[in-house]
1. Does A:Met81 satisfy being closer than 25 Å to A:Tyr146 by Cβ, aliphatic (A, V, I, L, M) and over 19 Å from the mean Cα position of the chain (by Cα)?
2. Does the range A:87-98 contain at least one residue that is more than 22 Å from A:His52 (Cα to Cα), touching a strand residue (DSSP E or B) at 6+ places or on another chain (Cβ under 6 Å) and within 14 Å of chain B (Cβ to nearest Cβ)?
3. All but one of (1) over 13 Å from the mean Cα position of the chain (by Cα); (2) in a helix (DSSP H, G or I); (3) surrounded by fewer than 17 Cβ atoms within 10 Å (Cβ to Cβ) hold for A:Lys74; state the number of the condition that does not hold.
4. Quick check on my filter: what residues within the range A:34-56 are surrounded by fewer than 20 Cβ atoms within 10 Å (Cβ to Cβ) and either within 14 Å of another protein chain (Cβ to nearest Cβ) or on the phi > 0 side of the Ramachandran plot (or both)?
5. Between residues in the range A:16-27 that are away from chain B (no Cβ under 13 Å) and residues that are among the polar types (S, T, N, Q) and surrounded by fewer than 19 Cβ atoms within 10 Å (Cβ to Cβ), which pairs lie under 8 Å by C-beta distance while being six or more apart or on different chains?
6. So which residues in the range A:2-15 are away from chain B (no Cβ under 14 Å) and part of a loop (DSSP other than H, G, I, E, B), if there are any at all?
7. Among the residues of the range B:44-70, how many are under 17 Å from B:Thr12 (Cβ atoms) and either within 14 Å of another protein chain (Cβ to nearest Cβ) or surrounded by 20 or more Cβ atoms within 10 Å (Cβ to Cβ) (or both)?
8. Taking the criterion of being within 11 Å of chain A (Cβ to nearest Cβ), in contact with a Leu (Cβ under 9 Å, 6 or more places away or on another chain) and of a type outside the set (Gly, Ala, Ser), would at least one residue in the range B:77-85 satisfy it?
Amino acid sequence: MESTKKTIIVFSGDFDKVMAAFIIANGAAAMDDEVVMFFTFWGLNALRKDAHVAAPDKTFVQKMFGAMMPRGPKKLSMSKMNFAGMGPKLMQREMKAQNVMSLPELIETAREQGVKFIACTMSMDVMGLTKDELLDDIEYAGVASYLGEADESNVNLFI
Amino acid sequence: MSVTVEELKALTGTTVVDARGTSCPGPILAAKKAVRGVSSGAVMEVLATDSGTLKDLPAWAKKMGHEYLGHYEDSGYLRLFLKMK
């Protein structure tokens, strides 16, 4: 049978784009598709834990990145109409009013449905993100792993 | 195969999945979650308020191999019917 695997590259760390990625991932998983999400560059911020994680071995620049980038899905900003953080708050309130699942819920549901999360180790190094700072029990790999997964999939998205 | 609204209304013993109030992809996730508890040939009824479900549930059913029977509108929500493969 033809593969129905879906691969999604989450490059953006924008709240709205990450939302879209997870809605598609959850929908595909509900349709029994195998789903692989590859997080790279700003997209990695969606996988960060809310709490501050001590990372003593970072360089000065890596520490700056760590401090300035959003910590987790609740802190992401919108690609448009961000209004210094007011935009996502308003959007989240409206989503709640419309009973749309929140981004943390979508991430949790994706995990429950067996969606595979892969963090790009090269961009983790560049941005100084350590494994401890990201969600537990995810995979770590590089471009070849992603391409291997993409070869087996019939839909590939770059978000 | 087309099933009339009267025939849908006459169905009994269906497994009811209440996804009212949830938005995309809520109804599909709810159906997926409930499917394990429904035996082959039985009818699942999904209640939904998100109008996109009218297109999404048949698409999900087609993909999963279930038979979409149809829907009708109740007071302020949709009732959609699937026959499990």
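1. Taking the combined requirement at face value, the residue does not satisfy it.
2. No; the residues of the range A:87-98 include none that is more than 22 Å from A:His52 (Cα to Cα), touching a strand residue (DSSP E or B) at 6+ places or on another chain (Cβ under 6 Å) and within 14 Å of chain B (Cβ to nearest Cβ).
3. Condition not satisfied by A:Lys74: (1).
4. Correct list: A:Glu34, A:Phe41.
5. A:Asp16/A:Ser79; A:Lys17/A:Ser79
6. If the condition is that a residue be away from chain B (no Cβ under 14 Å) and part of a loop (DSSP other than H, G, I, E, B), then A:Phe11, A:Ser12, A:Gly13, A:Asp14 are the ones that fit.
7. Residues in the range B:44-70 being under 17 Å from B:Thr12 (Cβ atoms) and either within 14 Å of another protein chain (Cβ to nearest Cβ) or surrounded by 20 or more Cβ atoms within 10 Å (Cβ to Cβ) (or both): 4 in total.
8. No: the range B:77-85 contains no residue that is within 11 Å of chain A (Cβ to nearest Cβ), in contact with a Leu (Cβ under 9 Å, 6 or more places away or on another chain) and of a type outside the set (Gly, Ala, Ser).
Read the figures in this text as sums done on the coordinates, not as results from a lab. Quick caveat: nothing in here was measured; it's all calculated off a predicted structure. We place every Cβ from the backbone using ideal geometry, glycine too, and count neighbours over all the protein chains shown.
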